[in-house]
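Engineer: Below is the structure I would like to discuss, written out as structure tokens.
Nothing in this text is a laboratory measurement; each read-out follows from the coordinates by a stated rule. Everything numeric in this text was worked out from a predicted model, so none of it was measured. Quick reminder, even Gly has a Cβ in these numbers, built from the backbone with ideal geometry, and neighbours come from all protein chains shown.
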Amino acid sequence: MKSLLREEIKKKRLLLPENEVKAKSIKIVKKLWEIIPKEAEIFMFYAPFKKEVDLLPFARKLLSIGKRVVFPRVSEKDIIPLEIFSLKDLSPGYLSILEPPLEYSRVIKKIDVVFVPGIVFDLHCFRIGYGGGFYDRFLAKQKVRTKIGICFDFQIVERVPHDPFDIPMDVVVSEKREIRRNEWS
């Protein structure tokens, strides 16, 4: 069931025209400005992959106002959260996804807000990713105050199958709505 849903939504997302990805990403960034905790200082982003929502302009803006920005670096089966000081610090890594260099980036132990990509999210804020379990393992051991799932609205379904080790988001944000976990749980 998970794999069928994953493949169906992944194909649909890949068919999105680039201009639609950009327009919807801009709408999502505007929503994020409204909902992120004002006292948050450290934000973990992801580099968009295969037409995921593009939050890079948001990361650039947060850097410009003095917030700390972190990106994941994949090491075997784990995510290492590394601080960057400019988006120019990112270079192609695992699956050619942009990530920080290990050599001069600082590992961050406590993160205020993590923006989590996914292929499918549900009304209870559970997600289906690419199937590697990277984010579930990371979120299970990392100190994170707020987990925000990021997707396009067609990626939200009523319910996704989930396992005990799957970590729900606190909020899921699309270009049309935001879903808070405590509203449904």
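Engineer: Say we join alpha carbon atoms closer than 10 Å with springs in a Gaussian network model of the chain; which of L16, L123, L82 then has the biggest fluctuation?
Structural biologist: Most flexible of the set in this elastic network: L16.
Engineer: Can you pull out the trypsin sites (Lys or Arg not before Pro) in the stretch 1-56 whose DSSP state is coil and whose Cβ has at most 16 other Cβ atoms within 10 Å?
Structural biologist: Those satisfying the criteria are K38, K50.
Engineer: Moving to a separate point now. What chymotrypsin sites (Phe, Trp or Tyr not before Pro) in the stretch 36-113 are in a loop by DSSP, with at most 11 other Cβ atoms within 10 Å of the Cβ?
Structural biologist: Listed in order of number, the matching sites are Y104.
Engineer: How large is the helix-only mean residue ellipticity at 222 nm for the chain, computed as the sum of -39500 (n - 2.57) over DSSP H runs with n ≥ 4, divided by its residue count, in deg cm²/dmol to the nearest 500?
Structural biologist: That comes out to -8500 deg cm²/dmol.
Engineer: Mind putting a number on the dipole of the stretch 1-125 about its Cα centre? Charges go on the C-beta only, +1 for Lys and Arg and -1 for Asp and Glu, and I need it in Debye to the nearest 20.
Structural biologist: It works out to roughly 320 debye.
Engineer: Where in the chain lies the longest segment free of GluC sites (Glu not before Pro) that are both loop residues by DSSP (not H, G, I, E, B) and have at most 14 other Cβ atoms within 10 Å?
Structural biologist: 104-157
Engineer: Applying 1/(1 + (r/R0)^6) with R0 = 41 Å to the Cβ-Cβ distance of E7 and K110, what FRET efficiency is obtained, to the nearest 0.05?
Structural biologist: 0.70
Engineer: Further question: Calculate the spin-label point distance for K22 paired with F154, positioning each point 7 Å from the Cα along the beta-carbon direction, and give it in nanometres.
Structural biologist: In this crude label model, F154 to K22 measures out at 1.9 nm.
Engineer: Name the trypsin sites (Lys or Arg not before Pro) in the stretch 77-141 that are in a loop by DSSP and that have at most 14 other C-beta atoms within 10 Å, would you?
Structural biologist: K77, K109
Engineer: Compute the Rg/Rh shape ratio of the chain: radius of gyration over Kirkwood radius, all on alpha-carbon atoms.
Structural biologist: Here the Rg-to-Rh quotient is 0.93.
Engineer: Below 8 Å between Cα atoms, with a sequence gap of 6+, how large is the relative contact order for the stretch 114-185 in percent?
Structural biologist: 40
Engineer: Obtain the nm distance between the two label points defined at S96 and S64 by a simple spin-label model: each point lies 7 Å from its Cα along the Cα-to-C-beta direction.
Structural biologist: Using points 7 Å along Cα→Cβ, the separation is 2.9 nm.
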